[in-house]
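Have a look at the structure below before the remarks.
Values in this text are rule-based calculations from the coordinates and carry no lab data. Every value quoted in this text rests on a predicted model; they were computed, and no experiment measured them. Cβ sites come from the backbone with ideal geometry, for glycine too, and all protein chains shown count toward neighbours.
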Amino acid sequence: MDFKKEWITHRLDNDAISFTNEFGQILVDKKFTTSQIRNYFGEVRRIQMKGLSDSLQEFHLLKPKLAYAAKRAKDKSGNRNEETGAEKFKHVMDSAHSAVDCDKENAGNRFKNFCDFLESILAYHKFHGGRDN
């Protein structure tokens, strides 16, 4: 199953929850740690607490920060041919991030869906045995 923009632009549905369940398992299988997700999640929560309209710059900076983390994970892995968990996470979260579209009228609702989507990934990752190291 692939990411659907509608999960962020409209609402999470059963397909979204199934996706986050499967994706959480994939991240565990790829040795992506809970700490790696929580670093990103913490940034998102800080933005949520301040409000998206007051934190647009921080929200936009999530993409380059995630790109940096994915590159570091790739360099550490030593395997240039296989996609790392960090790269998979970046790919999905970049798509979700773009779907928020801060210039649209419902950016606040979209950001809430974005937060809920990320929280669901984190929950299922932990459920499937995600570890801190």
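Paramagnetic label reach from Lys76 (point 7 Å along Cα→Cβ; backbone nitrogen cut-off under 14 Å): within the stretch 14-49, residues 30-40.
Pairs exceeding a 22 Å alpha-carbon distance, out of Lys50/Lys104; Lys50/Lys90; Lys4/Lys74: Lys50/Lys90; Lys4/Lys74. Under 8 Å for C-alpha pairs, at least 6 residues apart: give me the relative contact order for the stretch 10-133, rounded to a whole percent. For the stretch 10-133, the relative contact order is 51 percent.
Rounded to the nearest 20, the Cβ-based charge dipole of the stretch 6-127 about its Cα centre (Lys and Arg +1, Asp and Glu -1) stands at 620 debye. Relative to the longest principal Cα axis of the chain, at what angle does helix 14-29 sit, 0 to 90 degrees, rounded to 10? That works out to roughly 30 degrees. Angle, helix 85-100 long axis vs. longest principal axis of the chain, Cα atoms, 0 to 90°, nearest 10? The helix 85-100 is inclined about 10 degrees to the chain. Taking other Cβ atoms within 10 Å as a rough exposure proxy, Phe3, Phe32 sort from fewest to most as Phe3, Phe32. If R0 is 22 Å, what FRET efficiency do you get for Lys63 and Lys104 from their C-beta distance, rounded to 0.05? With R0 = 22 Å, the Cβ-Cβ based efficiency is 0.80. Its Cα gyration tensor gives the chain an equivalent ellipsoid; the semi-axes, largest first and in whole Å, are 24, 17, 13. Between the helical axis of 107-127 and the longest alpha-carbon principal axis of the chain there is an angle of about 30 degrees. For Lys76, a cut-off of 13 angstrom between C-alpha atoms picks up these aspartates and glutamates, skipping any fewer than 8 places away in its own chain: Glu87.
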